[in-house]
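Below is one structure, written out as structure tokens; the observations come after it.
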Amino acid sequence: GIGGNGGDVRLVGAAALNTLVDFRFMPRCRAESGRAGSGRDKTGASGSTLDVRVPVGTTIIDEETGSTVGDVAAPDDAVTVARGGSRGFGNAHFKSSTNRAPRQTTPGSPGETRRLRLTLNVIADVGLLGMPNAGKSTLIARVSASRPKIADYPFTTLVPNLGVVRVDADASFVMADVPGLIPGASTGAGLGYRFLKHLSRTRLLLHLVDASPVDGTDPVSNCRQIEDELYAYSSAFRERDIWMVATKMDLTGSDRTFARLAEAFPDRPRYAISAVSGRGVDDLTGAAMAWVSRYRDRLATDVEFAQRERDLNDRVADDVRRHAMAGKSAVAKPRLATACAEAADGD
């Protein structure tokens, strides 16, 4: 008889997951083999596809080639990472009018075996960009139920924080607060290089600027340095919308800083806020919600725009891979998962 095909291995997005920790205990994933054929020219059953659940935002990289296999960008997105082997054929398959008892058989082919690196990117509508202590954590705590650690020393935020910002009962967006960046972050300084990749999937970037820095540094110079680091990590960020948000506007001298930002970045939207007092926060979140709504509508209706966004995401993914291969992976200790699919030989 004829054997069955081997099952494939797929990685499938699961909204309920937010970590790759399970792969510590499941380093090898193997699909079901195809069943052997049997007498009377019976065909064996094909192996079942193995669906492995991963968090939304997972990027799959081939460990041997360094190429990006795919991205799991939404719940139920499925990426086939290993193909099952092809079925084998028993002697009955080769029976003909001139050869009634053939001795020829063809064995099934083995399935693919791949060694993969999985990295998890935060997926958010709005990302917060800025120096340490620019007020990012204070803002996300003000506008959402997220409760990040807040203190008056640099690098208080050690891991990305996500918060759902609800503008009204039917309108909300996801905001991501990542550790602050410093000059040299794209080459490993501070903590920022580990988390720059989390800004890659954000639709809109809010560049938070401390309008009254206690260290006496120049806010405009700080802005330019941080954006230089962003572009050094991936030039694709130049095509993202970036808004300037001056924070701590309740402090002395902040109005002068806001005026300087207007001069330095005249073509960008600018907002003045105080996350502590609430000044300007509603205006900012309302404008961000309107922008996100327009973006979502266009993404759903404009085929060319949607393709450009996919191409832009692919460019950033390539840059993430480049940094990972150079030893600057966004995950300090990458979790490796091996996918294996195979088929049994036919009779």
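The values are calculated or read from the model by the stated rules, or taken from the named source; none is laboratory data. Computed from a predicted model, the values in this text were never measured in an experiment. Because the Cβ atoms are built from the backbone with ideal geometry, glycine has one as well, and the counts that use them run over all protein chains shown.
Given (1) out of contact with any strand residue (DSSP E or B) (no Cβ under 6 Å at 6 or more places or on another chain); (2) without any contact (Cβ under 8 Å) to a residue 60 or more places away in the chain, where does TYR233 come up short, assuming only one miss?
All conditions pass for TYR233, except number (2).
Residues of the range 210-265 being within 28 Å of TYR295 (Cα to Cα), part of a helix (DSSP H, G or I) and among the hydrophobic types (A, V, I, L, M, F, W, C), which ones?
Hits for the range 210-265 are CYS223, ILE226, LEU230, ALA232, ALA236, PHE237, PHE258, LEU261, ALA262, ALA264.
Scan the range 62-77 for residues that are at pLDDT 85 or above and within 19 Å of GLY111 (Cα to Cα) and report the count.
Number satisfying all stated conditions: 2.
Would you mention how many residues in the range 251-280 are farther than 20 Å from GLY216 by Cα and of a type in the set (Phe, Trp, Tyr)?
Number of matching residues: 2.
I'd like to know if the range 302-312 contains one or more residues that are modelled with pLDDT under 90, under 29 Å from the mean Cα position of the chain (by Cα) and surrounded by 14 or more Cβ atoms within 10 Å (Cβ to Cβ).
Yes, there is a match, as at least one residue in the range 302-312 is modelled with pLDDT under 90, under 29 Å from the mean Cα position of the chain (by Cα) and surrounded by 14 or more Cβ atoms within 10 Å (Cβ to Cβ).
For residues that are over 16 Å from GLY130 (Cβ atoms) and within 25 Å of the chain's Cα centre (by Cα), tally how many sit in the range 242-271.
Going through the range 242-271 one residue at a time, the tally reaches 0.
If VAL276 passes every condition in (1) of a type outside the set (Gly, Ala, Ser); (2) buried (at least 17 other Cβ atoms within 10 Å of the Cβ); (3) closer than 15 Å to LEU139 by Cβ but one, which one does it miss?
Result: VAL276 fails condition (2) only.
Of the residues ALA290, ALA272, which is free of Cβ contacts under 8 Å to residues at least 24 places away in the same chain and of a type in the set (A, V, I, L, M, F, W, C)?
Values: ALA272 fails: free of Cβ contacts under 8 Å to residues at least 24 places away in the same chain.
Just one listed residue meets the conditions, ALA290.
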